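Notes follow once the structure below has been shown.
The values are calculated or read from the model by the stated rules, or taken from the named source; none is laboratory data. Please read these numbers as outputs of a predicted model, since none were measured by experiment. Cβ atoms come from the backbone with ideal geometry, glycine included; neighbour counts cover every protein chain shown.
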Amino acid sequence: MLALVGGFFLWLKWLEKENERITEENSLADVEATITPEEFEKIKIDMTLEEVEKIIGGKGKVMYESEYSIEYGWPGEYYEGDPFDYRMDATFRKEDKTLSSIDENNVVFGEQARKYDEILDKRDYANLDAPVVRKKQLKRLEEGMSYSEVASILGGDGVQTSESRYIHSKGSKGYREADESVHSSYVWKCIRKKDGEEWIVPLSFNDGELSLTTDALQEMLIE
């Protein structure tokens, strides 16, 4: 038994160290140039690294390099050290340093996302302008529903808490069209069954379609 407990604590210590390593490796704290929403909208697939750096006003950090590509990271205006949020990561073809894909997380939506991060961190749910959802409403949701369908069933709009976009080249170099995927997260309020406290129902949408099943959430709520 003691060996199991000791092993568990060793695993926790390893996990803590691993999280620290990932955070440090992905940190953009030393990158001076910060990308704004307005700058992001100017960046297009097939632009050169030099053109992107000129728009942002400085160089990014090399995050990953392979035989064929190199990825750079830039922090958004609200970046505070999170290894995967409030930032833009852009991949360039190595042969000519042209942009092939962009991964943006709360760069454009940063101001609103930070506001709701603070509310959610404090569990200050009274300040969320969203209807209270009941279990019977969640039961009516189906994966693939549009946001408007979900909002109609849940009694009104939720509060959007984050938005990320992945944009990548649709064809070969020089074919200046791109595919874009958008991932958005929203929350609605609810009353938790076990203690009657106000809580939240988080739902995710990929390209405007509901992607998160609600089975586990339903068990939390009162009828």
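Numbers for the structure displayed
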{"quantity": "Among (1) at negative phi; (2) assigned to a loop (DSSP other than H, G, I, E, B), the one test that Glu118 misses", "calculated": "(2)"}
{"quantity": "Filter result (modelled with pLDDT under 90 and not assigned by TED's automatic domain parsing to the domain that holds Lys189) within segment 83-124", "calculated": "Pro83, Phe84, Asp85"}
{"quantity": "From Ile167, Ile191, residue being outside the structural domain of Ser69 (by TED's automatic domain parsing), in a strand (DSSP E or B), modelled with pLDDT under 85 and in contact with a strand residue (DSSP E or B) (Cβ under 7 Å, 6 or more places away or on another chain)", "calculated": "Ile191"}
{"quantity": "Filtered residue count, segment 84-142, keeping only those that are acidic (Asp, Glu) and either closer than 15 Å to Gly60 by Cβ or without any contact (Cβ under 8 Å) to a residue 12 or more places away in the chain (or both)", "calculated": "6"}
{"quantity": "Residue tally, condition over 18 Å from the mean Cα position of the chain (by Cα) and in a loop (DSSP other than H, G, I, E, B), over segment 53-79", "calculated": "7"}
